[in-house]
1. Relative contact order for chain A: what percent, with Cα pairs under 8 Å and sequence separation of 6 or more?
2. How high is the FRET efficiency between residue C:77 and residue A:170 when r is their beta carbon distance and R₀ equals 35 Å, given to the nearest 0.05?
3. Using alpha carbons only, how many degrees (0 to 90, rounded to 10) separate the axis of helix B:269-279 from the longest principal axis of chain B?
4. Any chance you could give the angle, 0 to 90 degrees and rounded to 10, that helix B:245-265 forms with the longest Cα principal axis of chain B?
5. Measuring from centroid to centroid over Cα atoms, what is the spacing of the range B:82-136 and the range A:244-280 in Å?
6. Which percent, nearest 5, of DSSP beta bridges in the range C:2-77 are antiparallel?
7. For peptide B:27-37, what's the mean number of Cβ atoms from other chains within 10 Å of each residue's Cβ?
8. How many angstrom separate the Cα center of the range A:85-123 from the Cα center of the range B:197-232?
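Each value in this text was obtained by applying a stated rule to the coordinates, not by laboratory testing. This structure is a prediction, so every number in the text was calculated from the model and none was measured. Heads up, the Cβs are rebuilt from the backbone with ideal geometry, glycines too, and the neighbour counts pull from every protein chain shown.
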């Protein structure tokens, strides 16, 4: 495995660990963009990071930051700041560290699955979707002034939308895609009449076809135990994982002819176009569509 | 390659008919292509590229309802012609014609399902060597060896399996003769129970047919070789004619033993002899 | 009331949940924060099970740890017909033989799957090789069974051996092992999914339609 030469990928920030899972003095080995790295939590809590070549420390990673209880790293020169999520740290919601989960596919496939609604009835039958109601109503997609991709007015009927809920209800979703490998859901909270619950995914691309998903929740649910919330999230994510590993090719095709979208794929279409314009190479397939 | 030739115009076996019941969906590989093989509730077979045209999910993890194949990711339903009939996210929508699975020619014959990766050159698979006997499938077994090696091993080391034997039989003591007649390679083995004649037709997908001396009490069998990948194959073992469960179990055991020895047998002097005999034959071009 | 200490993504816990469902037994679930908090390694849980492992099942004063003891207990106490775990010595031994196989020979597959799941970076090739070898044996056994007219692993009907072998076999792809070369296992997996009261776990795709 070799560190990528894709500068666009290298010059961005990525989560590589949850701070609270990195005990003082402990070393954590992982890989980012094809480069082996080692993280160490200092005695003062500040993490440091080195690039590892052939098992030996090779270069100190200059850009290491702790934000939102996660450790962020940039292997190049950061082209922009770490994403701003004002809701984290704001009072009221409960912050849940949802643990890292590995997926043997490209980070982009994971992101696309995360903001897709039309699989709920089939992959998450009984929770996020049911076989009775499979239709996905139209929603809006736009790229905002700050370059972030958003989908709003998404709705879906869910038999069991979260750990807190017992019966079926229509859930409203907004999706925010602030970076190519990051997505945040704002969804109707069953525990609050006006405010949203928030679920965020920060995907660490280990290689082009392998990644680690770091995730957090910001929930109004003050009643369910951490374990109950985690079991629900892990159940949903593992279900997604069981389809993600069977999507071949693993890299996300950007050329439109290879994979045929439909109306409910509006955000996916926009995401692929957005990635195409960004010039990102890592994890995507830019070849002309092969004959089907 | 002279034996186990892989091409785009021949029929290759992918599964025994009895191993694909109505409503069954399974994955298969042919020459590195990932396929989904399925049978509708009414018995109609399909061999498609194992990729949903929507978001490239493996269709082999899907299911049939009635006459359609349903993708497990978003529930898209495909008819037997490969066209998408229904998109659950938009139930009233007529799906685009572009939303089509790649359908390969498939045929059910001689108790097997065969597929062609391109335009078939003939209406039926070529299995003349069965000499009018109907293959009764015993088992399909995958091996980590390429199709040519597998065919050569089967020709040079026939399965010795007597249904009444209580332990493993010794292999034939002698490779007595090896002849190339036209495109048919015939190898005669001399063993404890008499002669065994093994034959294969070159230039076509490998079907190795072995006929032991009738006096020996062993039954004739065929091994159809499916080239799954560059270095892998599946062996479809079948009795030629009817046989008891004991006979079928005996042949299966012999095949499993062969698989365990595959590495050594691939280097054996007998295999080299058979390979050399085949070397004299030139594969005609598909245009002639 | 029977109580199961459970983690949704644990294939060992799933073996117990599967049988509880088949037997239609009522039970309470205690959700353990296995990942990322490792609650099973905390003193409170260790007091219950010093091995710090899941599943644990309690029934009154009885505390059992490990999928095999638990399924064997449930099959003997909640199945009067003794089909899930036959009483006959030879039949029981055949079941035990495959329970042992699942525990030991399929362990590399579950291990590889779990390491992949929690995003570890280890080289899994020895586990994958061991898992392939084990599934080849299971494939041979099931194929031979089909020739002899048997649909199940240890008897002519489903037993706890089938249930205990099921998770690692069904989720072998998550452990890096493909099922395209194991057609007999593929057909048997489908048969298990069609058993009455079958339930999935995340990672096992349900039957459609």
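1. 20 percent
2. 0.20
3. 70 degrees
4. 80 degrees
5. Value for the Cα centre distance between the two parts: 29 Å.
6. 60 percent
7. Partner-chain Cβ atoms within 10 Å, mean over residues of B:27-37: 2.
8. Going from one Cα centre to the other spans 53 Å.
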